[in-house]
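Structure record follows, encoded as structure tokens.
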Number of protein chains: 2
Amino acid sequence: MTVNVLNNSEKTNTEILVDLLYRKVEGRLLEDAEKAFLNYLTVVWQTKDLPEVQDLVSSYGIKRAGFPLKGAENLTPERAAFLNGFTAHFLDLDDAQAHFRGHPSAVIMSTLFAVTTPEDKLEDFLWAFIQGVELAGKFGWVLNPAMALQGWHTTGMIGTIAAAAALGIYKKLPGQQLKSLLSLAATQASGLQIEAGSNGKPFNAGMAARDAVNAYLFCQTGLQADLDPFSAKHGWFKTVAGIDFQGAVIAENWLKPAEIEDPGLWIKQHPFCSAAMSGYDAAKELYQRGIRARECTRVILHFPAGGDHALRFKQPRTGKEGKFSLEYIVWQVLNDGDVHDQYFAVAKVKAEFSKWQKRIVRTNDLPLAEITARPTKITVELKNGQTETAMVSFPLGSAQQAFKRTELLWKLRQQVLMSDHNWQQFKLLLTRKNCTVAQILQLLKDRVGVNK
Amino acid sequence: MTVNVLNNSEKTNTEILVDLLYRKVEGRLLEDAEKAFLNYLTVVWQTKDLPEVQDLVSSYGIKRAGFPLKGAENLTPERAAFLNGFTAHFLDLDDAQAHFRGHPSAVIMSTLFAVTTPEDKLEDFLWAFIQGVELAGKFGWVLNPAMALQGWHTTGMIGTIAAAAALGIYKKLPGQQLKSLLSLAATQASGLQIEAGSNGKPFNAGMAARDAVNAYLFCQTGLQADLDPFSAKHGWFKTVAGIDFQGAVIAENWLKPAEIEDPGLWIKQHPFCSAAMSGYDAAKELYQRGIRARECTRVILHFPAGGDHALRFKQPRTGKEGKFSLEYIVWQVLNDGDVHDQYFAVAKVKAEFSKWQKRIVRTNDLPLAEITARPTKITVELKNGQTETAMVSFPLGSAQQAFKRTELLWKLRQQVLMSDHNWQQFKLLLTRKNCTVAQILQLLKDRVGVNK
């Protein structure tokens, strides 16, 4: 790793970072951010009426929740952020990013919505999001895969800081306050990967959003935290990863390329871990070739070393664990041609799966790939003695096979059930330079009462 | 370290911990807990009217705050916990414990007060506190000094889990919910030591209390997190410290002796870091022998290796940094015979100190001591050519030189300014088996309006 110091030698790491965050980003990146925005709304709407979400909402004493939530008289912005993050990540349907190894929108957008006031512009929201993704990706690039392999849930760990950074930019905080904000985000950053497969995982996303908002509220009073939380000697990187972090390392490629375009955001079709997306596409290919589960005597899942780390469960017991099991996904696809989203919500997986699962083995024999790729190969040995294989590196929804804006708009339209008139208004708003986030929320909110 | 498995081999680490937390503790330990309770109230009352605390209180839109706070219509229990913790730790006047290397009451009692309902008994509060201290101490015994030396603020890290454990016991949660509660505490546990010297440090204490309450609210909805957060293979200990934790290691000496009595709680006289308490007493001894700052040509502060780790600032710039500077404390004592509490609040230390400070050096030449001791020696070289030394290992306020109950009651009386009638009632309440925490709070609260 070559390092150019960029005349920053007299600045602290945190000062360098703050300068980077204030950089204006290029207009074309806004298109990527808008796609993530549409997908976030779709996912939250798809999830918000589930009993787990509604249980949480009622535990806060709110009757009707117009998602995404913002702080209001009957709901603190911390609680709004937490509920947004929990909901956005609950089905594991939200976007993912490879350097970050986490879920950007669930933490960053959940935070931004929670603190939105009537004046806040959609364009500022999207720009702040791009910078949050940038921080998440660049920090992830420095820290991963070690951080994830150590058992940290990077969505919580790095996500808290990314969400706080985006919030600071959204609200145009002055430098000193932004440094305090980042400091309080760093001191709150946490999250364990063992929560995957339980409600603790979406909790972690909510936690990160909540913590960013908490830090913001604290800084607004003028109280200051340590102003160089990323100090090489004893800052956050040193404590969590033993790394002598140098701000110049990320300065030299900040937004070059932007993390939102390369490695970019992965957008999902189904509620399972993004690490299974290539395997899912490979299984579909096999099904289309006529392969059926009952004819397989042996199924081999091939990954590069560490490529199945996030797929924690070979023998999932619950649907939630099944989100992190390529075995569970392959079984569904080879049986029925596709997964059933509701199978990821069952309390107990079918006995039929547990029996069939014994035919599957994993192996880590693929060569290591670029971070933008997620190669997965499936070999099936059939009763007739034949063998078939399928391999996918860039699944549908990956940055290389991205959904189009029109596809994402269509997905959202399926969820929000707006009147045609409001839908036209909504699409028009998106194109207007001065559109506010509150205007968007108003159009979505109008349907809450009707929808339930 | 010898380990007896205690027939627990079939239980998970978290199940072992839950069993330990449910153990009834001995009555005499309640006396230690009551002392901590009195000191907590004293410290919170001494701090609650400071501008920083009141700024935070008003930022939450509350007009009158009857400390310690509990969740109420206009204040979520998370916010109450945060404000309690921030206030209790703000002056660094709160108690400390050597294994934990942190501040038990600021996190645990702040949490318990925040969720107190009219029915909750003081005795249950104190028992829960004892168990929280026990977890903090035993976890600290496993993790420190490595955790602190790595830059973690153990008050935040271990404190979150200790506060959650106490909360679970206080509220008599069933085993499954208690496991989820501990899991969500572990996934939220965080805190950086670099915040020492800024408002980020009391923020960390507030954060730990807030996170414990957040976890509790979440679990109350019935939502579950991973049920073995302390799994040896990939649980919290593994991720944060690379340790293959075995629950049996802490089971064999759980409450034998109890952490609240050995190493016990240190209670402070002045608002500086407990790592400076021995040095402070040694400086006072030198002053009493007639040594004066102006006569010293050289001052040597002797510690064991690592003994001055928490005393981060040799040349503090602000009063807040001066809380973590034995240099700053020794200068005050050798000038004026004692420290001035307000000197730890100034925005800039006096130029006079900065000049005199150059005469001071540190050395780590003392032998390592028992964890219960904190040896500090001071050598002064005088203008007349003479040399004097003083050494203290167990300062006033340490468990070995503990304040008496009557002294702590007197300190509290100085703060709360109750009427004599209410004070007699207060003391009577403390002795009653069925006294509730709400009754105590009511007596304190009555004075808020009058006092301000």
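The values are calculated or read from the model by the stated rules, or taken from the named source; none is laboratory data. Just so it is clear, the model here is predicted, and its values are computed rather than measured. Cβ placement follows ideal geometry from the backbone for every residue including glycine, while neighbour counts extend to all protein chains displayed. Surface areas here come from the heavy atoms of the whole protein model, side chains and all, with no ligands, DNA or RNA. Shrake-Rupley method; radii C 1.70, N 1.55, O 1.52, S 1.80 Å.
Computed quantities for the displayed model
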read-out: Flag if A:ILE300 is surrounded by fewer than 20 Cβ atoms within 10 Å (Cβ to Cβ) and among the hydrophobic types (A, V, I, L, M, F, W, C); value: yes
read-out: Filter result for the condition that a residue is farther than 19 Å from B:LEU265 by Cβ and in contact (Cβ under 8 Å) with a residue 40 or more places away in the chain, over B:VAL107, B:VAL115; value: B:VAL115
read-out: A:ASP211 vs. criteria crowded, with 24+ Cβ neighbours inside 10 Å, in contact with a Ser or Thr (Cβ under 7 Å, 6 or more places away or on another chain) and of a type in the set (Asp, Glu); value: yes
read-out: Residue satisfying all of: in segment A:118-161; of a type in the set (A, V, I, L, M, F, W, C) and within 13 Å of chain B (Cβ to nearest Cβ); surrounded by the most Cβ atoms within 10 Å (Cβ to Cβ) among these; value: A:ILE158
read-out: Qualifying residue in segment B:338-354 (condition: modelled with pLDDT under 95 and either under 22 Å from B:ARG101 (Cα atoms) or assigned by TED's automatic domain parsing to the domain that holds B:TRP141 (or both)); value: yes
read-out: Every residue from segment B:229-245 that is surrounded by fewer than 19 Cβ atoms within 10 Å (Cβ to Cβ) and either away from every other protein chain (no Cβ under 11 Å) or within 29 Å of A:VAL53 (Cα to Cα) (or both); value: B:ALA232, B:HIS234, B:ILE243, B:ASP244
read-out: Subset of segment B:392-431 (residues that are touching a residue at least 12 places away in the same chain (Cβ under 8 Å), open to solvent by 50 Å² or more (accessible area, probe 1.4 Å) and more than 22 Å from the chain's Cα centre (by Cα)); value: B:LEU417, B:GLN425, B:LYS427
read-out: Considering residues of segment A:315-327 that are out of contact with any Asp or Glu (no Cβ under 9 Å at 6 or more places or on another chain) and polar (S, T, N, Q) only, the residue surrounded by the most Cβ atoms within 10 Å (Cβ to Cβ); value: A:SER325
read-out: Number of the condition not met by B:ALA258 [criteria: (1) under 30 Å from A:HIS153 (Cβ atoms); (2) in a loop (DSSP other than H, G, I, E, B); (3) open to solvent by less than 40 Å² (accessible area, probe 1.4 Å); (4) of a type in the set (A, V, I, L, M)]; value: (1)
read-out: Count - residues of segment A:164-191 that are touching a Leu at 6+ places or on another chain (Cβ under 8 Å) and either aliphatic (A, V, I, L, M) or open to solvent by 10 Å² or more (accessible area, probe 1.4 Å) (or both); value: 12
read-out: Test: residue in segment B:307-314 that is closer than 27 Å to B:ASN384 by Cβ, open to solvent by 40 Å² or more (accessible area, probe 1.4 Å) and of a type in the set (Lys, Arg); value: yes
read-out: Any pair with Cβ under 6 angstrom, 6 or more apart, that starts in segment A:271-286 at a residue that is open to solvent by 10 Å² or more (accessible area, probe 1.4 Å) and ends at one that is hydrophobic (A, V, I, L, M, F, W, C) and in a helix (DSSP H, G or I); value: A:LYS284/A:VAL333
read-out: Sole exception among (1) within 14 Å of chain B (Cβ to nearest Cβ); (2) modelled with pLDDT under 95; (3) crowded, with 24+ Cβ neighbours inside 10 Å for A:LEU93, by number; value: (1)
read-out: Residue within segment B:65-72 that is at pLDDT 95 or above and basic (Lys, Arg) present; value: no
read-out: Qualifying positions in segment B:192-228 - touching a residue at least 40 places away in the same chain (Cβ under 8 Å), within 7 Å of chain A (Cβ to nearest Cβ) and among the aromatic types (Phe, Trp, Tyr); value: B:PHE203
